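Working notes for the structure below.
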Amino acid sequence: QDIFEDVGINKLEKNVNFLKVGSYEASYYRNKYSLKINKEKNSIIFISQMHPVFFSINHKFQELIFRDSITAINLILNFAIKNNLEFRYICRGKNNRNIDEINFLKSKIYNFNEIKVIENKTHTLWKEIFSSKLVTSLYSTGAHDSIILKKKTILLPLSHKKIYKWSSNKFRDDVSFWPWTIEDDDQNRFDELCKKLMDLSQTSYEEKINK
């Protein structure tokens, strides 16, 4: 609602139709999985946004997605190795459409063998979100759903900060809205943010995000 008002749209106005677009599904999957997963894995997951179409045609955001994804993966993988966490990578492609994505990772990530690649099958994403210690992504709706589910979530928009803004004008920027946001490739800052978030109790975390 705040964002609508920022652009001059009031939901009380007549003749304004609001349509839900995207894949926000947190409320459904909370009921389906949250109570069935009793123990978290010692893992950090990354929700990929490298859509299969990016590997077959030229797209205006193609190189940006590729570059930021590799930067984010290296930051996360370095932290995971240092802290004995399993790094689980959730492919964007579904139904065996992830071969190009996996081959791309193999060509760009020096220690690719340290990554557990997870195929994006039916409901896989949600099971991984509920069972992980930390959820990360550039800015996927899956990561936003993770926030709604009160899972500890770190967003890494990196260069995309110049394109997207998902907080309202009530906030100075996205970082002031969601403090667990990384907009550069500073490994030390990323490590510190992850460590503080992991050390934060679930109760304290929920108190912070409910303010």
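The values are calculated or read from the model by the stated rules, or taken from the named source; none is laboratory data. Since this is a predicted model, take the numbers as computed values, not measurements. Glycine gets a Cβ as well: all are built from the backbone with ideal geometry, and neighbour counts include every protein chain shown. Heavy atoms of the whole protein, side chains included, go into the accessibility calculation; ligands, DNA and RNA do not. Shrake-Rupley method; radii C 1.70, N 1.55, O 1.52, S 1.80 Å.
Within segment 92-112, is even one residue farther than 18 Å from ILE209 by Cα, in contact with a strand residue (DSSP E or B) (Cβ under 8 Å, 6 or more places away or on another chain), aliphatic (A, V, I, L, M) and in a loop (DSSP other than H, G, I, E, B)?
yes
Check whether at least one residue in segment 123-143 is without any contact (Cβ under 8 Å) to a residue 40 or more places away in the chain, surrounded by fewer than 13 Cβ atoms within 10 Å (Cβ to Cβ) and assigned to a helix (DSSP H, G or I), and report yes or no.
Checked against the condition, which is being without any contact (Cβ under 8 Å) to a residue 40 or more places away in the chain, surrounded by fewer than 13 Cβ atoms within 10 Å (Cβ to Cβ) and assigned to a helix (DSSP H, G or I), segment 123-143 yields no hits at all.
Kindly indicate which of ILE65, ILE76 is at pLDDT 95 or above and buried (at least 16 other Cβ atoms within 10 Å of the Cβ).
After applying the criteria, what remains is ILE76.
For ASN98, are the conditions met, namely being surrounded by fewer than 20 Cβ atoms within 10 Å (Cβ to Cβ) and touching a residue at least 24 places away in the same chain (Cβ under 8 Å)?
no
If ILE147 satisfies every condition in (1) free of Cβ contacts under 8 Å to residues at least 60 places away in the same chain; (2) over 21 Å from GLN62 (Cα atoms) but one, which is the exception?
The number of the failed condition is (1).
Looking at ASN84 and the list (1) touching a Lys or Arg at 6+ places or on another chain (Cβ under 7 Å); (2) not in a helix (DSSP H, G or I), which single condition is not satisfied?
(1)
Mind counting the residues in segment 144-166 that are in a strand (DSSP E or B) and either within 17 Å of GLU206 (Cβ to Cβ) or at pLDDT below 90 (or both)?
2
Do we have any residue at all in segment 184-207 that's in contact with a Lys or Arg (Cβ under 7 Å, 6 or more places away or on another chain), of a type in the set (A, V, I, L, M) and open to solvent by 20 Å² or more (accessible area, probe 1.4 Å)?
yes
What is the one condition in (1) under 21 Å from SER69 (Cα atoms); (2) open to solvent by less than 30 Å² (accessible area, probe 1.4 Å) that SER159 does not satisfy?
Against the list (1) under 21 Å from SER69 (Cα atoms); (2) open to solvent by less than 30 Å² (accessible area, probe 1.4 Å), SER159 comes up short only on (2).
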